[in-house]
Structure formats: structure tokens, C-alpha cells
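A.B. asks: Before anything else, here's the structure in question.
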């Protein structure tokens with residue numbers, strides 16, 4: 001179980017995370033984070049990943065606190081699909097090679113046949129494999145990263161908002177398939193199709209309105 005309890009975070013003097021944003025998620029669940037404040041949504045994911053320290057509250061995995069001393073261990077069980085895909089690679093092939101060469105992934109089975117089978121489910125074309133990153137839509141890169149996480153069987157997958165996705169129903173079916181395999185998924189999305197298939201939801205706008213932060 002991944003849990004965030006009584007979070008408090010301020011950025012540039014502004015409160016972005018508050019205790020009422022507490023939640024937990026267990027294997028097989030999908031939690032949808034919605035809201036128009038992209039910065040807050042991204043910061044929430046980075047807190048869960050141990051990439052952003054809280055001013056108050058804590059994050060735990062299976063009851064153990066994720067902090068500076070333990071974050072490297074727990075992060076091995078997480079996959080992150082960022083919203084900002086301005087990354088120092090020239091192709092999805094390079095991204096894949098980097099991820100698969102991580103120590104935690106080296107012994108895991110990964111083949112091109114497996115990858116392209118997953119891409120078909122997401123509506124991705126094989127030509128994107130070696131295409132120049134700058135020529136690809138951000139959604140294509142994010143979906144490709146998601147497919148890699150699925151093949152590598154990461155137990156916790158955190159997905160920042162995938163905008164301009166052509167076929168949200170394909171993504172919804174894909175997330176349901178991952179959840180049925182026991183993966184815990186936290187996805188940032190304002191798409192009603194994604195919200196509908198989620199087991200839990202966290203509406204950041206409603207929380208901000210209730211505490212007069214909007």
C-alpha cells in the first residue's frame with residue numbers, strides 16, 4: 001500500500017498541498033487525480049516519488065516511511081511517466097535502453113515483440129521507435145513509457161497528465177488491464193473516460209475551493 005498522510009507543502013509562499021489531500025492506494029486500484037493546477041498535480045506525484053520533500057505529513061509504502069534514507073529503495077518499485085517529456089534522448093529506443101539498463105530492471109524479460117504488442121493496444125505505430133523525439137507528440141512518448149513500465153512489471157505506476165491523447169478509451173482499457181494484473185496506478189487526468197474507470201479519485205479543485213485557496 002502507498003499512502004500519503006496529512007501532506008503540507010508550500011511553494012513560493014503559496015500552499016499547494018494540504019492535509020485533506022491524504023489518500024492510500026493498494027495493488028489493483030486506480031486513483032485519478034484531477035484539477036486544473038498542473039504544478040500541484042505534478043508536485044503531488046513528485047512527493048510520492050520522494051523527489052519533493054514535504055513541509056508536513058509523510059508518505060509510506062507498506063507502513064514504512066519514505067524519506068531521504070529509504071527513497072532509493074522504494075523508488076525501485078515505482079515507475080513514473082512525467083508530463084514534461086523534454087528529456088536528453090533522441091529516440092524512444094534510447095529511452096528504453098536507459099530504463100532497461102537500470103540495475104533493478106536488468107534481469108527482467110523485455111523484447112521488441114513484447115513492446116510492439118503493448119503498443120498495438122495503445123494505438124502506437126512501430127515507426128515511433130526510432131523516430132526523432134522532437135518529431136513525436138508528447139502523448140506518444142508518455143504512452144511508450146507507460147508500455148515499458150507494464151512490461152517491466154512495476155508494482156506502482158505514477159502517470160502525470162497525458163494531454164491531447166487521441167483515443168482515451170484505449171488508455172482506459174490499458175490501465176484497467178494493468179490494474180487487473182495487480183498494479184497500483186495513480187494517474188493525473190481531467191478526462192471523464194479515465195475518471196470513470198478509476199476506483200478512487202482526488203479532485204484538487206474541490207479541495208482548494210473548500211479551503212478558499214482558489
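The values are calculated or read from the model by the stated rules, or taken from the named source; none is laboratory data. Computed from a predicted model, the values in this text were never measured in an experiment. Virtual Cβ from ideal backbone geometry, glycine too; neighbours counted across all protein chains shown.
A.B. asks: Can you find even one residue in segment 85-101 that is touching a residue at least 60 places away in the same chain (Cβ under 8 Å), over 20 Å from residue 195 (Cα atoms) and surrounded by fewer than 17 Cβ atoms within 10 Å (Cβ to Cβ)?
C.D. replies: Among the residues of segment 85-101, not one is touching a residue at least 60 places away in the same chain (Cβ under 8 Å), over 20 Å from residue 195 (Cα atoms) and surrounded by fewer than 17 Cβ atoms within 10 Å (Cβ to Cβ), which makes the answer no.
A.B. asks: Right, next: Scan segment 101-111 and give yes if some residue there is under 22 Å from residue 31 (Cβ atoms), in a loop (DSSP other than H, G, I, E, B) and modelled with pLDDT of 95 or more, otherwise no.
C.D. replies: no
A.B. asks: Given the residues 102, 122, which is the only one that is closer than 30 Å to residue 3 by Cβ and out of contact with any helix residue (DSSP H, G or I) (no Cβ under 8 Å at 6 or more places or on another chain)?
C.D. replies: Only one candidate qualifies: 102.
A.B. asks: Please count how many residues of segment 132-147 are more than 10 Å from residue 162 (Cα to Cα) and free of Cβ contacts under 8 Å to residues at least 60 places away in the same chain.
C.D. replies: 8
A.B. asks: Next question. If residue 159 passes every condition in (1) in contact with a strand residue (DSSP E or B) (Cβ under 8 Å, 6 or more places away or on another chain); (2) more than 13 Å from residue 28 (Cα to Cα); (3) surrounded by fewer than 21 Cβ atoms within 10 Å (Cβ to Cβ) but one, which one does it miss?
C.D. replies: (3)
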